[in-house]
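Below is one structure, written out as C-alpha coordinates; the observations come after it.
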Amino acid sequence: MPRMLDVSDEVRAEIGDEEANRLLAGENAPGSYDCTSCRTPGDSELERTSTVLFIGDETAVLAFAHATCLPSQVVQVTEEQLRGAVRSISGENTVDPEAEKVVPEQAMLGVTSGLVLIAGELHPALVVEPTAPIVRPGSTGSGDDFLPLLIEQGFMPLTELSEVPPVQHGWSVLLAMGQLHAVLQPSPNGGQPVAWWQAHQPLQVTDGWRAAANKHQQVLMYAAPVGSIGRQPREDLLRDALDKAAANGKLVGAALPLAGT
(Lines give C-alpha, C1' and ligand atoms only; values in the text may rest on other atoms or scores of the structure.)
Protein backbone atom coordinates (compact mmCIF):
# COMPACT_ATOMS: atom_id res chain seq x y z
CA MET A 1 0.00 0.00 0.00
CA PRO A 2 1.37 3.49 -0.83
CA ARG A 3 2.67 5.39 2.16
CA MET A 4 2.15 9.04 3.14
CA LEU A 5 5.89 9.63 2.92
CA ASP A 6 7.79 12.84 2.28
CA VAL A 7 11.10 12.16 0.51
CA SER A 8 13.06 15.39 0.05
CA ASP A 9 15.21 16.01 -3.00
CA GLU A 10 18.38 15.70 -0.90
CA VAL A 11 17.30 12.34 0.53
CA ARG A 12 16.33 11.13 -2.96
CA ALA A 13 19.74 12.20 -4.28
CA GLU A 14 21.46 10.08 -1.62
CA ILE A 15 19.36 6.91 -1.84
CA GLY A 16 18.54 7.06 -5.57
CA ASP A 17 15.27 7.25 -7.48
CA GLU A 18 14.69 3.49 -7.44
CA GLU A 19 14.93 3.23 -3.65
CA ALA A 20 12.85 6.39 -3.16
CA ASN A 21 10.11 5.06 -5.42
CA ARG A 22 10.06 1.74 -3.55
CA LEU A 23 9.61 3.62 -0.30
CA LEU A 24 6.76 5.70 -1.68
CA ALA A 25 5.10 2.56 -3.01
CA GLY A 26 5.25 1.02 0.45
CA GLU A 27 7.66 -1.78 -0.49
CA ASN A 28 10.47 -0.81 1.89
CA ALA A 29 8.71 1.54 4.30
CA PRO A 30 7.19 0.33 7.55
CA GLY A 31 3.55 1.08 8.30
CA SER A 32 4.17 1.78 11.97
CA TYR A 33 7.42 3.26 13.32
CA ASP A 34 8.88 5.13 16.27
CA CYS A 35 9.48 8.77 15.37
CA THR A 36 13.21 9.50 15.34
CA SER A 37 12.48 12.95 16.80
CA CYS A 38 9.85 12.55 19.53
CA ARG A 39 10.16 8.74 19.98
CA THR A 40 6.39 8.22 19.95
CA PRO A 41 4.64 5.82 17.52
CA GLY A 42 3.67 6.89 14.02
CA ASP A 43 1.94 5.24 11.08
CA SER A 44 2.94 6.12 7.52
CA GLU A 45 -0.36 4.74 6.23
CA LEU A 46 -2.36 7.23 8.28
CA GLU A 47 -0.23 10.37 8.74
CA ARG A 48 2.39 12.29 6.79
CA THR A 49 5.82 10.88 7.56
CA SER A 50 9.27 12.27 6.81
CA THR A 51 12.20 10.14 5.69
CA VAL A 52 15.33 11.18 7.55
CA LEU A 53 18.68 9.85 6.34
CA PHE A 54 21.53 9.81 8.86
CA ILE A 55 24.93 9.59 7.16
CA GLY A 56 28.14 8.77 8.98
CA ASP A 57 31.61 8.12 7.59
CA GLU A 58 30.77 4.59 6.52
CA THR A 59 27.19 3.95 7.58
CA ALA A 60 23.88 5.19 6.19
CA VAL A 61 20.76 4.92 8.34
CA LEU A 62 17.24 5.59 7.12
CA ALA A 63 14.80 6.61 9.84
CA PHE A 64 11.26 7.96 9.93
CA ALA A 65 9.66 10.90 11.74
CA HIS A 66 6.28 12.55 12.00
CA ALA A 67 6.19 15.29 9.35
CA THR A 68 5.06 17.64 12.14
CA CYS A 69 8.27 16.88 14.07
CA LEU A 70 10.91 16.98 11.34
CA PRO A 71 11.05 17.66 7.61
CA SER A 72 12.57 15.05 5.31
CA GLN A 73 16.29 15.73 5.33
CA VAL A 74 19.83 14.38 5.34
CA VAL A 75 21.63 14.63 8.69
CA GLN A 76 25.41 14.30 8.84
CA VAL A 77 26.54 12.54 12.03
CA THR A 78 29.75 10.95 13.20
CA GLU A 79 30.30 7.22 12.87
CA GLU A 80 30.67 7.12 16.65
CA GLN A 81 27.17 8.54 17.04
CA LEU A 82 25.78 5.92 14.70
CA ARG A 83 27.52 3.17 16.68
CA GLY A 84 25.63 4.37 19.73
CA ALA A 85 22.43 2.98 18.26
CA VAL A 86 19.88 1.24 20.44
CA ARG A 87 18.12 -1.08 18.03
CA SER A 88 18.14 -2.28 14.43
CA ILE A 89 15.83 -1.26 11.66
CA SER A 90 14.24 -4.08 9.73
CA GLY A 91 16.60 -5.49 7.11
CA GLU A 92 14.05 -4.58 4.45
CA ASN A 93 14.82 -0.87 4.93
CA THR A 94 17.93 -1.07 2.81
CA VAL A 95 19.94 1.98 1.89
CA ASP A 96 23.29 0.27 1.39
CA PRO A 97 23.35 -3.55 1.45
CA GLU A 98 26.70 -3.47 3.26
CA ALA A 99 25.76 -0.79 5.75
CA GLU A 100 24.75 -1.56 9.31
CA LYS A 101 21.05 -0.83 9.77
CA VAL A 102 20.48 0.91 13.08
CA VAL A 103 18.56 3.78 14.63
CA PRO A 104 21.01 6.28 16.13
CA GLU A 105 20.77 7.17 19.81
CA GLN A 106 22.12 10.61 19.01
CA ALA A 107 20.18 13.10 21.11
CA MET A 108 18.30 15.67 19.07
CA LEU A 109 16.46 18.65 20.51
CA GLY A 110 12.74 18.60 19.85
CA VAL A 111 11.35 22.16 19.78
CA THR A 112 7.64 22.98 20.00
CA SER A 113 6.16 26.48 19.74
CA GLY A 114 3.01 27.50 21.53
CA LEU A 115 1.28 30.31 23.40
CA VAL A 116 1.37 30.16 27.20
CA LEU A 117 -1.09 32.07 29.39
CA ILE A 118 0.59 33.74 32.36
CA ALA A 119 -1.19 36.22 34.64
CA GLY A 120 -3.97 36.64 32.08
CA GLU A 121 -1.67 37.42 29.14
CA LEU A 122 -0.51 35.21 26.27
CA HIS A 123 3.23 34.82 25.80
CA PRO A 124 5.08 33.11 22.93
CA ALA A 125 6.96 30.05 24.16
CA LEU A 126 9.35 27.42 22.90
CA VAL A 127 9.40 24.06 24.66
CA VAL A 128 12.63 22.09 24.29
CA GLU A 129 12.89 18.38 25.05
CA PRO A 130 15.75 16.12 23.92
CA THR A 131 15.05 12.77 22.29
CA ALA A 132 17.56 11.03 24.58
CA PRO A 133 19.39 11.79 27.85
CA ILE A 134 22.02 14.54 27.58
CA VAL A 135 25.30 13.60 29.22
CA ARG A 136 27.78 16.26 30.33
CA PRO A 137 30.56 16.64 27.72
CA GLY A 138 33.51 14.43 28.61
CA SER A 139 31.45 12.33 31.02
CA THR A 140 31.37 8.56 30.74
CA GLY A 141 28.28 8.25 32.92
CA SER A 142 24.78 7.31 31.80
CA GLY A 143 22.77 9.95 33.64
CA ASP A 144 20.91 12.98 32.29
CA ASP A 145 22.61 16.36 32.80
CA PHE A 146 20.35 18.40 30.51
CA LEU A 147 18.75 20.54 33.22
CA PRO A 148 21.91 20.99 35.36
CA LEU A 149 23.78 22.19 32.26
CA LEU A 150 21.07 24.76 31.51
CA ILE A 151 20.90 25.88 35.14
CA GLU A 152 24.64 26.50 35.01
CA GLN A 153 23.96 28.72 31.97
CA GLY A 154 21.49 30.78 33.99
CA PHE A 155 18.13 29.12 33.34
CA MET A 156 15.86 29.04 36.39
CA PRO A 157 14.30 25.91 37.89
CA LEU A 158 10.51 26.35 37.88
CA THR A 159 7.93 24.78 40.17
CA GLU A 160 4.96 26.50 38.51
CA LEU A 161 4.15 28.73 35.53
CA SER A 162 2.64 31.63 37.48
CA GLU A 163 5.00 34.36 36.28
CA VAL A 164 7.36 35.16 33.43
CA PRO A 165 10.85 33.76 34.14
CA PRO A 166 13.85 36.14 34.29
CA VAL A 167 15.51 37.36 31.10
CA GLN A 168 18.52 35.32 30.00
CA HIS A 169 20.84 38.04 28.70
CA GLY A 170 23.12 37.09 25.83
CA TRP A 171 20.69 34.47 24.54
CA SER A 172 18.06 35.21 21.90
CA VAL A 173 15.50 33.63 19.58
CA LEU A 174 16.11 34.28 15.89
CA LEU A 175 13.05 34.92 13.74
CA ALA A 176 13.47 35.83 10.06
CA MET A 177 10.74 36.31 7.47
CA GLY A 178 8.24 35.20 10.09
CA GLN A 179 9.90 31.81 10.59
CA LEU A 180 11.84 30.34 13.50
CA HIS A 181 15.50 29.79 12.65
CA ALA A 182 17.53 29.32 15.84
CA VAL A 183 18.08 29.79 19.55
CA LEU A 184 21.33 31.70 19.98
CA GLN A 185 23.71 31.70 22.94
CA PRO A 186 26.79 33.81 23.73
CA SER A 187 30.00 32.81 22.02
CA PRO A 188 32.60 31.41 24.45
CA ASN A 189 35.17 33.59 22.68
CA GLY A 190 33.17 36.76 23.13
CA GLY A 191 32.35 37.16 19.42
CA GLN A 192 29.03 36.90 17.62
CA PRO A 193 26.37 34.67 19.24
CA VAL A 194 26.38 31.04 18.16
CA ALA A 195 23.48 28.65 17.62
CA TRP A 196 22.56 26.56 20.66
CA TRP A 197 19.77 25.04 18.53
CA GLN A 198 19.28 25.59 14.82
CA ALA A 199 16.40 24.40 12.65
CA HIS A 200 17.48 22.20 9.74
CA GLN A 201 14.76 24.05 7.86
CA PRO A 202 13.03 27.24 9.13
CA LEU A 203 9.98 26.36 11.21
CA GLN A 204 6.60 27.95 10.66
CA VAL A 205 4.94 29.64 13.63
CA THR A 206 1.34 30.77 13.89
CA ASP A 207 0.29 34.36 13.28
CA GLY A 208 -0.78 34.58 16.93
CA TRP A 209 2.62 33.35 18.15
CA ARG A 210 4.47 35.80 15.91
CA ALA A 211 2.23 38.68 16.98
CA ALA A 212 2.82 37.90 20.66
CA ALA A 213 6.58 37.69 20.06
CA ASN A 214 6.59 41.08 18.35
CA LYS A 215 4.48 42.54 21.16
CA HIS A 216 6.69 41.33 24.00
CA GLN A 217 9.97 41.38 22.03
CA GLN A 218 10.91 38.19 23.84
CA VAL A 219 10.14 34.48 23.81
CA LEU A 220 9.81 32.23 26.85
CA MET A 221 11.91 29.10 26.58
CA TYR A 222 11.09 26.09 28.71
CA ALA A 223 13.24 22.97 28.79
CA ALA A 224 12.58 19.53 30.25
CA PRO A 225 14.40 16.15 30.22
CA VAL A 226 13.49 13.46 27.71
CA GLY A 227 10.10 11.89 28.44
CA SER A 228 8.76 14.83 30.47
CA ILE A 229 6.61 16.64 27.90
CA GLY A 230 6.06 14.40 24.88
CA ARG A 231 4.43 15.30 21.58
CA GLN A 232 1.30 17.28 22.43
CA PRO A 233 -1.07 18.10 19.56
CA ARG A 234 -2.84 21.00 21.30
CA GLU A 235 -1.69 24.00 23.34
CA ASP A 236 -3.92 23.10 26.30
CA LEU A 237 -2.32 19.64 26.48
CA LEU A 238 1.13 21.22 26.14
CA ARG A 239 0.34 23.52 29.05
CA ASP A 240 -0.85 20.57 31.15
CA ALA A 241 2.43 18.76 30.41
CA LEU A 242 4.45 21.86 31.35
CA ASP A 243 2.56 22.27 34.62
CA LYS A 244 3.15 18.60 35.46
CA ALA A 245 6.88 18.82 34.62
CA ALA A 246 7.23 21.93 36.79
CA ALA A 247 5.42 20.29 39.71
CA ASN A 248 7.77 17.32 39.41
CA GLY A 249 10.87 19.54 39.44
CA LYS A 250 11.70 18.77 35.81
CA LEU A 251 11.39 22.19 34.17
CA VAL A 252 13.67 25.18 33.72
CA GLY A 253 12.93 28.38 31.89
CA ALA A 254 14.04 31.84 30.86
CA ALA A 255 12.83 34.77 28.78
CA LEU A 256 14.98 35.19 25.66
CA PRO A 257 15.06 38.50 23.75
CA LEU A 258 13.70 38.38 20.23
CA ALA A 259 16.13 38.75 17.33
CA GLY A 260 14.49 39.52 14.00
CA THR A 261 10.81 39.91 13.22
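Figures for the structure shown
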| quantity | calculated |
| --- | --- |
| Enumeration of residues in the range 219-261 that are assigned to a strand (DSSP E or B) and closer than 19 Å to ILE134 by Cα | MET221, TYR222, ALA223, VAL252, GLY253 |
| Residue satisfying all of: in the range 38-50; out of contact with any Cys (no Cβ under 8 Å at 6 or more places or on another chain) and either under 17 Å from THR131 (Cα atoms) or in the same structural domain as HIS200 (by TED's automatic domain parsing) (or both); modelled with the highest pLDDT among these | THR40 |
| Filter result (closer than 20 Å to LEU70 by Cβ and β-branched (Val, Ile, Thr)) within the range 182-235 | VAL183, VAL205, THR206, VAL226, ILE229 |
| Near pairs, Cβ below 6 angstrom, 6+ apart or cross-chain, from the range 150-174 (more than 17 Å from VAL127 (Cβ to Cβ)) to any residue that is in a loop (DSSP other than H, G, I, E, B) | GLY154/GLN168; GLY170/PRO186 |
| Residue, surrounded by the most Cβ atoms within 10 Å (Cβ to Cβ), within the range 10-29, restricted to residues that are touching a residue at least 60 places away in the same chain (Cβ under 8 Å) and within 26 Å of the chain's Cα centre (by Cα) | ALA29 |
| Test: VAL127 is among the β-branched types (Val, Ile, Thr), modelled with pLDDT of 80 or more and either touching a helix residue (DSSP H, G or I) at 6+ places or on another chain (Cβ under 8 Å) or in a loop (DSSP other than H, G, I, E, B) (or both) | yes |
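The values are calculated or read from the model by the stated rules, or taken from the named source; none is laboratory data. Computed from a predicted model, the values in this text were never measured in an experiment. Neighbour counts run over all protein chains shown; Cβ positions are idealised from the backbone, glycine included.
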